[in-house]
Every structure is written in C-alpha cells, then in structure tokens.
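Trainee: Have a look at this one before I ask anything.
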Amino acid sequence: MAFLSNLDISVSGMIAERARMDIIAQNVANADTTRTAQGGPYVRQNVVFTENRTYRRSPDLSLSAVQFRTVLGKHLEELRGLAGRGRTQTMEGVVMTQVVEDQTPPTPVYDPTHPDADEDGYYYRPNVDVAEEEIDMLAATQSYSANFTIFNSLKSIANKALTIGKQ
C-alpha cells in the first residue's frame, strides 16, 4: 500500500501548520510587549519550513517517539500496520526547521513618561502587526484544514480498499 505514504505528507503538513499557529499566537500575545528579558521590545517570530525526505524510522524507535509526537502519528502507525513491527521506511512531507526573528525594525513612539522611554523620550513598540498576524493565522488554518481533508480522504480510500476483497 504505497499510497499510504501520502498520509505522511498530510500529517507532517498538519504538524507544521500547528507549529506555525503557535508562533502566530505568541506574536499576537506579545504585540504590546515593550520590554523583554533580553532588554528591548518583543521581536516578531516567523517559521521556516523545509521539505522532509530523509526521515527514516529506525527499528527500535516508535514513530511518535522520533518525529510525530501526536495522536495523528500513532494513528498513522496503526493504519499502516506498523505498531510494534520494527520496520524502516522513508517518511516524506514538510518539517518546521527553525523559528527566525523578523528583521523589521521596531516602531519608535515618543512618550517621555513611558517607563521604557530612552533619554530622548522614545520607547519602541514590537514589530508585530496584528492584522498581518490574523491573515497569517487564516492562511495557516486553511492549510491545516486542507491537509486534514486529504488525510481523511486517504484514510477513507484505504478503508474502502480493504473491503474490496470481502464482497
């Protein structure tokens, strides 16, 4: 059942988009943070995705222990009939490789009474645009939903294929 490898792609897409939504939520939560532990305004975070073609499941590790630390990973393993069998196979899809800081400079605001104001009376607001974050969240949600639909369709196809011989 080689077509089941397509489940890896949709599951990895859902995991990556979930991580993207977490970073977006963090950005929105810190949109007004003018002082961080590093000593400056919060800096907007972005995720970087890359293609994942080299992930191999080793015989002694379960799928969820290595990469797919979700219920979806365990479910995928059960669908493939690999639970406890120690097979090695290639997983494909997308993976979030890093979280990078947005290089947009913070916005200076003149308010000499603000506790974070410098000697010139300016404090700096984070480079987070909440409207842009909402658009990014909408895109991530739509992508997650599309991957979820693909996953359910492939699961349905696999179940139908298993019932062909019973008739």
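The values are calculated or read from the model by the stated rules, or taken from the named source; none is laboratory data. Remember, predicted model here, so these are calculated numbers, not experimental data. Here Cβ is always computed from backbone atoms with ideal geometry, including for glycine, and neighbour counts include all displayed protein chains.
Trainee: Filter segment 104-114 for residues that are over 23 Å from residue 46 (Cβ atoms) and without any contact (Cβ under 8 Å) to a residue 40 or more places away in the chain; which is surrounded by the most Cβ atoms within 10 Å (Cβ to Cβ)?
Mentor: Among residues in segment 104-114 that are over 23 Å from residue 46 (Cβ atoms) and without any contact (Cβ under 8 Å) to a residue 40 or more places away in the chain, the one surrounded by the most Cβ atoms within 10 Å (Cβ to Cβ) is 109.
Trainee: For residues that are of a type in the set (Ser, Thr, Tyr), in contact with an Asp or Glu (Cβ under 8 Å, 6 or more places away or on another chain) and modelled with pLDDT of 90 or more, tally how many sit in segment 1-56.
Mentor: 1
Trainee: Restricting the first residue to segment 142-154 and requiring it to be at pLDDT 90 or above, which pairs with a second residue that is charged (D, E, K, R) meet a Cβ separation below 8 Å and a spacing of at least six or different chains?
Mentor: 143/17; 144/17; 144/18; 147/17
Trainee: Hey, any hits in segment 95-103 for a residue that's at pLDDT 95 or above and exposed (fewer than 12 other Cβ atoms within 10 Å of the Cβ)?
Mentor: Looking for residues that are at pLDDT 95 or above and exposed (fewer than 12 other Cβ atoms within 10 Å of the Cβ), one finds none in segment 95-103, hence no.
Trainee: May I ask you to list pairs of residues, at least six apart or on different chains, whose Cβ atoms are under 6 Å apart, with the first in segment 32-49 being over 10 Å from residue 116 (Cβ atoms) and the second being among the charged types (D, E, K, R)?
Mentor: 43/101; 44/102; 46/102; 47/20
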